[in-house]
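Each remark here refers to the structure printed beneath this line.
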Amino acid sequence: MFQRFFTELRAARVPVSLKEYLVLVEALEKDAIPPNVEDFYYLARATLIKDERYLDKFDRVFGHVFKGLENTVDAVNAEIPAEWLKALSEKFLTDEEKAQIEALGGWEKLMETLAERLKEQKERHEGGNKWIGTGGTSPYGNGGYNPEGVRIGGQGKGQGRAVKVWDKREYKNLDDQVELGVRNIKVALRRLRKFARTGAPDELDLDGTIAKSAREGYLDIVLRPERRNAVKVLLFFDIGGSMDSHVQLCQELFSAARAEFKHMEFFYFHNCLYESVWKDNRRRHDEKTATWDVLHRFPHDYRVVFVGDATMSPYEITYPGGSVEHWNEEPGALWLQRVAQIYERCVWLNPTPRQHWDHTPSIQLVREIIGDKRMFPLTIEGLDGAMRELSR
Amino acid sequence: MRFEGTKDYVATEDLKVAVNAAITLERPLLIKGEPGTGKTMLALEVAKALGAPLIEWHIKSTTKAVQGLYEYDAVMRLRDSQLGDARAADIGNYIKRGKLWEAFEATERPVLLIDEIDKADIEFPNDLLQELDRMEFYVYELNRTVKAARRPIVMITSNNEKELPDAFLRRCFFHYIRFPDDDTMRAIVESHFPGVKTRLVNEALKIFYDMRKVPGLKKKPSTSELLDWLKLLLTDDVDPETLKQRDPAKLIPPMHGALLKNEADVMLFERLAFLARRENRGGG
């Protein structure tokens, strides 16, 4: 049973290794806990999970594997993955799945809504047989791209406190859970490092020591200040909409950057920079930061990196009120200009291949604003060029 | 040796399991959580509860892993030898023991706290892998191995400023201290201020949780700030009614300095309170 738990955790892409599994078995052998499910849950969690961002996945797998025991686990957080929805689209809900959801917290109401939605959807899409994630349409929400499916989040403990997130467009947060396994990204990381390590060298000042000793006539040790990573980076990520197809790449970049820079701040924006940005994409509608505050808070020696495809309607850049999401008083172009003026070291990384740039007016516009030579494709060469530009 | 929480420290069930597992299996315990949720306190309390000596190793950005083992002060020895000091003949005089060495050779099984490990260089945790795994290290200068007679209870805290390497994580137990829910918070308040007026706590907690919900605060107030604030309220003997009335003229709660640690946050809060007041007026 434990082995199944272990394999299911691996299948859910929770990074657990054999070593941790053995520790868990050892702990059980040594009677580290009284024999009840709750303590076992805590023990397994402390042993197998090493990062809070996997706690949620762990809870789900635990609930799934130890079905029938899970009423002792009071914190559940369910996310209906795309596979589920696909299954739903073929056969609505199997009894098994229904049971699963109910076991997770008894969200009958939620399922009703889901069924209703599905019914509606069927009527509207009569004749078609693809529902999910094709051609950039989403069955739920308001016509965005949403390949991740619908998220149903329950918070805290207790039953039936699920929050429906049907209508808001919910994108996956750009977390850094991507492992930097790919060689490409490793190379990219090294490029970033080169750029991050610029600064005064440290260690014992050997030359200084020799010179000083020779002058003074006795051994006199000279030290010089330690080398620090002095580079400060401000990252702006475009999120959602047309960026969905580049999420993987961006996550990898984000992981790499986060590990590398000590002074790194990031913000999200949608399509073009406007008067506010946000840090938590799930709560983007409530927790916003004024762009002015960002520009004031971070001095001009920060290096600014935009990551976005800059692919949108030109009106979104040039006109007030051009944003697809809200009414913006000032055009996005003005905001981009402000950033380009304040931060002299500023680049734009674009995941769309370079050959498409000339055919997209909005990309041209952005390049005009931030400087023609400052937009780089999000490739190894592009990254290298961008880092060189930044460390100039 | 079991840890069951102390009267000053409210340990949740999952925390106890994690601590006890780490004690039983003699492996390091990695503690993460929001600042001010009592990560460092935990080590102190575990040491107190078990009656074990506590060895604290506070990590700074300049700390090197070897400093925890030992340092060989070659410069001092060189100087001494130039001055003809007899001490210079014995290299042992110039080996300074680090915290890890101290912990390994302690007579009682100690609690070793490695505080804020994420502050150090990226390579720091990797450099301690072997030492924490085998609980021994080799001193080249003395040509001998220092080995822990009794494996110390190692507690490591991290504020998540840097990612820790997988190999390191694999050797630890992990616990994430969640921000305490209302009930736990009451228990914590009670343990610090026994017999405190319930009404005051109710009002204070309400303000506190409201404040945490304010979007865009640079530093959300946490448990330790709440406790400081309550202490101030108590010493000043603030009436619960003052907290309750939410006088629009007084924009922010009394003694807010204990909760908001940053002038930008205070300003944000004032602005919000101002807006709230305007809304109240507008709505009649």
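The values are calculated or read from the model by the stated rules, or taken from the named source; none is laboratory data. It should be emphasised that the depicted structure is a prediction, and the values quoted were computed from it without experimental measurement. Note that each Cβ is placed from the backbone with ideal geometry, even for glycine, and that neighbours are counted across all protein chains shown. Quick note on the areas: whole protein, heavy atoms, side chains included, nothing else; ligands and nucleic acids left out. Shrake-Rupley method; radii C 1.70, N 1.55, O 1.52, S 1.80 Å.
Within region B:72-116, name every residue whose backbone N is under 20 Å away from a label modeled 7 Å from Cα of B:Arg134 along the Cβ vector. Under cut-off, by backbone N: B:98-106.
Give the ranking of A:Ile221, A:Ile317 by solvent-accessible surface, highest area first, calculated with a 1.4 Å probe.
A:Ile221, A:Ile317
Taking every DSSP beta bridge that has both ends in region B:44-144, the antiparallel portion is near 45%.
Looking at region A:270-379, which GluC sites (Glu not before Pro) are DSSP coil and have at most 12 other C-beta atoms within 10 Å of their C-beta?
A:Glu329, A:Glu344
Taking all protein chains together, B:Leu132, B:Leu83, B:Leu268 sort by accessible area into B:Leu83, B:Leu268, B:Leu132, largest first [probe 1.4 Å].
For the residue pairs A:Lys57/B:Lys64; A:Lys19/B:Lys32; A:Lys279/B:Lys7; B:Lys7/B:Lys197; A:Lys232/B:Lys231; A:Lys232/B:Lys119, alpha carbon separations beyond 28 Å are given by A:Lys57/B:Lys64; A:Lys279/B:Lys7; A:Lys232/B:Lys231. Relative contact order of region B:4-114, taken over Cα pairs closer than 8 Å and 6 or more residues apart, is 30 percent.
Quick one: putting +1 on the C-beta of Lys and Arg, -1 on the C-beta of Asp and Glu, what dipole do you get for region B:27-97 around its Cα centre, in Debye to the nearest 20?
The calculation lands at about 200 debye.
In the context of the full protein assembly, A:Glu38 retains an accessible surface of approximately 70 Å², using a probe radius of 1.4 Å and ignoring ligands and nucleic acids.
For region B:130-272, with only Lys/Arg (+1) and Asp/Glu (-1) charged at the beta-carbon, what is the dipole magnitude about the Cα centre, in debye rounded to 20?
Here region B:130-272 has a charge dipole of around 420 debye.
With r as the distance between the Cβ atoms of A:Ser313 and A:Leu206 and R0 = 51 Å, compute the FRET efficiency 1/(1 + (r/R0)^6) and round to 0.05. It comes out at approximately 0.25.
Between region B:2-65 and region A:27-52, the C-alpha centres lie 17 angstrom from each other. Compute the Cα gyration tensor for region A:262-333, then decide on rounded, prolate or oblate, letting a ≥ b ≥ c be the square roots of its eigenvalues: rounded whenever a/c is under 1.5, prolate when a/b is larger than b/c in the other cases, and oblate in all that remain. Prolate. Hey, with R₀ at 30 Å, roughly what FRET efficiency would B:Asn126 and B:Leu205 work out to, going by the Cβ-Cβ distance, to 0.05? For R0 = 30 Å, the calculated efficiency reads 0.10. Structural descriptor for chain B: relative contact order 22 percent, calculated from alpha carbon pairs under 8 angstrom and at least 6 residues apart. Ordering A:Leu28, A:Phe2, A:Val16 by the projection of their Cα atoms onto the charge dipole of region A:2-65, which places +1 on the Cβ of Lys and Arg and -1 on the Cβ of Asp and Glu, puts A:Val16 at the extreme positive end. Here the sum of -39500 (n - 2.57) over DSSP H runs of 4 or more residues, divided by the residues of chain B, equals -13000 deg cm²/dmol at 222 nm, to the nearest 500.
Among DSSP beta bridges whose residues both lie in chain B, state the antiparallel percentage, nearest 5.
Percent antiparallel among DSSP bridges in chain B is about 30.
Mean partner shielding of peptide A:31-42, defined as the number of other chain Cβ atoms within 10 Å of each residue Cβ, is 3.
Take each residue in B:160-169, count the other chain C-beta atoms within 10 Å of its C-beta, and the mean is 3.
Using C-alpha pairs below 8 Å separated by at least 6 residues, the relative contact order for region A:2-65 is 45 percent.
Restricting region B:113-184 to chymotrypsin sites (Phe, Trp or Tyr not before Pro) that sit in a DSSP loop and have at most 15 other Cβ atoms within 10 Å of their own Cβ leaves B:Tyr140. With every protein chain in place and a 1.4 angstrom probe, the accessible-area ranking of B:Val196, B:Val10, largest first, reads B:Val10, B:Val196.
Given +1 at the Cβ of Lys and Arg, -1 at the Cβ of Asp and Glu and no other charges, the dipole of region A:242-392 around its Cα centre is 380 debye to the nearest 20.
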